[in-house]
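Here the structure comes first, spelled out in structure tokens, and everything after it is commentary.
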Amino acid sequence: MGAEVEYIRRVYYYETDRMGIVHHSNYIRWMEEARIEFMRENGADYEVVEKKGVLIPVTGVSCTYRRSAFFGDTVRVCVRLMSCTGARAAFSYRMYDADSGELLAEGESGHCFIDSETHRPVNARRRLPEEYATLAALVSEGQEGESDRK
């Protein structure tokens with residue numbers, strides 16, 4: 001288990017335009033793929049959470065593009081859980097060219113916890129006590145890692 005998960009993927013042809021450059025919308029998709037992998041690797045698998053009747057929709061997303069990715073590149077997405085309360089969670093992402101290490105994009109996403117049937121907000125502390133405890137610990141672990149790097 002760790003405060004940051006690295007997700008590696010290749011750029012597929014269908015994700016690019018005629019010039020072979022990745023369309024901007026795909027970075028958001030990669031963020032989602034990496035977030036799902038983060039949750040799975042850290043014991044709060046989306047499938048398990050959804051079977052318990054809770055959904056985690058996106059409430060907001062942003063992405064800042066630094067350099068283009070191209071067909072055939074390998075991209076490394078680093079995802080970190082920045083905050084997790086009973087009602088909301090926020091993730092940050094950094095996407096790199098896996099070969100050169102060059103930063104391609106940075107992003108963030110916000111989420112809430114809702115009941116899968118009523119779509120009304122739920123408190124993750126109460127509805128998902130094990131998963132919530134895991135996520136809350138990851139926020140603390142990530143903050144310690146941040147102070148270590150400063």
If amide hydrogens are placed 1.01 Å from N in the peptide plane, which non-local residues have theirs closer than 5 Å to the one on Ala87? Ala124
Cβ-defined net charge surrounding Ala89, 13 Å radius [Lys, Arg +1; Asp, Glu -1]: +2
If the chain between Phe70 and Ala87 were fully extended at 0.36 nm per residue, the gain over the current Cα-Cα distance would be 2.4 nm
What net charge is computed for the residues neighbouring Asn26, neighbours being all others with C-beta under 13 Å from the C-beta of Asn26, Lys and Arg scored +1, Asp and Glu -1? -2
Helix 25-41 sits off the longest principal axis of the Cα atoms of the chain, rounded to the nearest 10 on a 0 to 90 degree scale, by 50
Scoring only Lys, Arg, Asp and Glu (+1, +1, -1, -1) among other residues with Cβ under 13 Å from the Cβ of Ile36 yields -3
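Give me the tail of P(r) for the range 1-57 as a percent: Cα-Cα pairs with distance above 19 Å. Walk me through the numbers before you get to the answer.
Details: 703 of 1596 pairs.
Tail fraction, whole percent: 44.
Two-decimal Rg/Rh of the chain from alpha-carbon positions, Kirkwood Rh? Could the numbers behind the result be given before it?
Working: Rg = 16.1 Å, Rh = 16.1 Å.
Rg divided by Rh gives 1.00.
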Could you work out how far helix 129-149 tilts from the main Cα principal axis of the chain, as a 0 to 90 degree angle to the nearest 10? 50
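Every number here is computed from the coordinates shown, using simple stated rules; none is lab data. Here the structure is a predicted model, which means the values were calculated and not measured. Positions of Cβ are backbone-derived with ideal geometry, glycine not excepted, and every protein chain shown enters the neighbour counts.
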